[in-house]
Amino acid sequence: MVREKEYDYLIVGAGLFGSVFAHEMTKQNKKCLVIDKRNHLGGNVYCEEKEGINVHKYGAHIFHTNDKRIWDYVNQFATFNNYVNSPVSLSKGKLYNLPFNMNTFYQLWGTKTPREAKAIIDEQVAKYGTKSPKNLQEQALSLVGKDIYETFIKEYTEKQWGKKATELPAFIIKRLPVRFTFDNNYFNDRYQGIPIGGYNTIINGLLKGIDTKTNVDFFAERQQLEALANKIVYTGKIDEFFDYKYGQLEYRSLRFEHELHETNNYQGNAVVNYNDASYAFTRIIEHKHFEFGKQDKTIITKEYSETWDRGKEAYYPINNDKNQEIYKRYREESQQLNDIIFGGRLAEYRYYDMHQIIASSLTKVQEISGIKP
Ligand code: FAD
Ligand code: UDP
């Protein structure tokens, strides 16, 4: 077969979506070139090794899924350790276990049985909750009552989103588990862990033998790049692709401050959330604990939530009605373009976890090729 162009696919973005796509299409004998504007591969799951510690450069990443197919898929590339995410929260001077469970209720109220804890929550929900919550505050009060809302949610959420809880959509809070057992596991999923050797092991496995280029911005060299491949997979911001013609989508950005400390254990846990507004950051990550590290030193990261502008990294889509309307117009236009495939959290303007991104990329491969990966 004579190829029209050097590559079958130019993949813009070396995150999980692009890397899974490239891996699967290469297996189907398609020739792929993966580019990224950053100076490394991996997108937001990239880890940087410092002092023998895998530092999650773009924030804590814990792999979790209920889907055995996705779990088996990632296990082709790395062995996972038995890390279970159990963050603690510093709120009004005291430490509490998360997610909201019997330990949290005991620390908050001294309740010792599910019945005692449930009675307090039910009473507060009856007093402060509503039948059809219209915003995050109403949703939280209707789910967990006033004490939990005020101790753990209100100030953290307002720092995280830069908006009043009454101006935020209810769904943001729905994913936090509430349990009447003494179980500090942050996730309900069956499979969970951190890849031994860090996430780069998975990315390197996915991209092994595939042409890649870093420090290449698609928009800076668009014509030359387009000439190289028959089709493009685009995983960058969808509004940027269309030169913001229907308006700019909003995001929340983050700033990470990494610090090296001359101690082998700074906070005793991988994740400590700082609920109170008096702390400018939302959480501190101590990376070595993800891998039960025994290093003499430690690296911590303070995570600050920030207003996004075009000069900053876009991390969280702000899925309110206004942005959804704008996104819909871009999506409709993107669906008219047969040679360009849009995928991933920036091109789909959706807050996807890693397992969802992998599933979405595998589905796309199957849609295009007719072959189930
Ligand atoms: P990305 O990883 O963002 O990759 C897109 C790539 O495209 C980037 O590398 C970017 O540089 C590149 N790009 C964009 N535009 C261009 C261009 N013009 N030219 C060239 N390259 C371009 N998920 C979990 O499952 N568990 C967690 O604990 C978890 N924690 C998270 C914590 C934080 C703070 C954040 C922000 C996300 C977290 N996630 C977590 C979600 C996870 O990061 C994503 O699901 C996943 O990394 C998205 O992959 P992607 O390929 O869609 O995007
Ligand atoms: N949240 C909160 N207090 C906490 C942790 C989370 O109020 O201690 C809220 C906050 O609004 C956050 C949402 O729950 O945006 C989802 O939290 P998660 O930890 O899943 O967020 P992510 O890790 O994706 O930033």
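Of the residues that make up region 62-84, is at least one among the aliphatic types (A, V, I, L, M), more than 12 Å from ligand 2 (Cβ to nearest atom) and surrounded by fewer than 18 Cβ atoms within 10 Å (Cβ to Cβ)?
yes
Any residue that is open to solvent by less than 70 Å² (accessible area, probe 1.4 Å), within 13 Å of ligand 2 (Cβ to nearest atom), among the basic types (K, R) and farther than 23 Å from N85 by Cα - is there at least one of those in region 249-262?
yes
Looking for something open to solvent by less than 50 Å² (accessible area, probe 1.4 Å), under 30 Å from K163 (Cβ atoms), touching a strand residue (DSSP E or B) at 6+ places or on another chain (Cβ under 9 Å) and of a type outside the set (G, A, S) - is there at least one such residue anywhere in region 222-235?
Checked region 222-235: at least one residue is open to solvent by less than 50 Å² (accessible area, probe 1.4 Å), under 30 Å from K163 (Cβ atoms), touching a strand residue (DSSP E or B) at 6+ places or on another chain (Cβ under 9 Å) and of a type outside the set (G, A, S).
Among the residues of region 336-344, are any within 8 Å of ligand 1 (Cβ to nearest atom) and either over 18 Å from L206 (Cα atoms) or surrounded by 14 or more Cβ atoms within 10 Å (Cβ to Cβ) (or both)?
yes
From K245, K174, which residue is in contact with a helix residue (DSSP H, G or I) (Cβ under 9 Å, 6 or more places away or on another chain), farther than 18 Å from H40 by Cβ and free of Cβ contacts under 8 Å to residues at least 12 places away in the same chain?
It is K245.
Are any residues in region 323-335 within 16 Å of ligand 1 (Cβ to nearest atom) and either at pLDDT below 95 or open to solvent by 40 Å² or more (accessible area, probe 1.4 Å) (or both), and if so, which ones?
Matches in region 323-335: R331 only.
Considering only region 96-209, give the helices (runs of 4 or more DSSP H) lying wholly within it that have at least 2 residues that are open to solvent by 20 Å² or more (accessible area, probe 1.4 Å) and within 16 Å of ligand 1 (Cβ to nearest atom).
Ranges flagged: 154-161, 199-207.
If you go through region 199-207 one residue at a time, do you hit one that is in contact with a Lys or Arg (Cβ under 6 Å, 6 or more places away or on another chain) and touching a residue at least 12 places away in the same chain (Cβ under 8 Å)?
no
Return a yes/no flag: does region 251-263 have any residue that is part of a loop (DSSP other than H, G, I, E, B) and not small (G, A, S).
Yes, region 251-263 contains at least one residue that is part of a loop (DSSP other than H, G, I, E, B) and not small (G, A, S).
For residues in region 345-364 being open to solvent by 20 Å² or more (accessible area, probe 1.4 Å) and aromatic (F, W, Y), which is modelled with the lowest pLDDT?
Only one residue fits best here, namely Y351.
Just to be sure I understand, how many residues within region 297-322 are more than 16 Å from ligand 2 (Cβ to nearest atom), open to solvent by less than 70 Å² (accessible area, probe 1.4 Å) and under 20 Å from the mean Cα position of the chain (by Cα)?
Total meeting the criteria: 1.
Mind checking which pairs have a first residue in region 177-190 that is among the basic types (K, R) and a second that is surrounded by fewer than 16 Cβ atoms within 10 Å (Cβ to Cβ), Cβ under 6 Å, 6 or more apart or different chains?
R190/N66
Could you grab the pairs with beta carbons closer than 6 Å, sequence gap of 6+ or different chains, first residue in region 352-373 and without any contact (Cβ under 8 Å) to a residue 24 or more places away in the chain, second one open to solvent by 60 Å² or more (accessible area, probe 1.4 Å) and in a helix (DSSP H, G or I)?
Correct list of pairs: K372/Q366.
The values are calculated or read from the model by the stated rules, or taken from the named source; none is laboratory data. A quick note: this is a predicted structure, and the numbers were derived from the prediction, not measured. Positions of Cβ are generated from backbone atoms using ideal geometry, with glycine treated the same way; all protein chains shown enter the neighbour counts. Note: areas computed on protein heavy atoms with side chains; ligands, DNA, RNA excluded. Shrake-Rupley method; radii C 1.70, N 1.55, O 1.52, S 1.80 Å.
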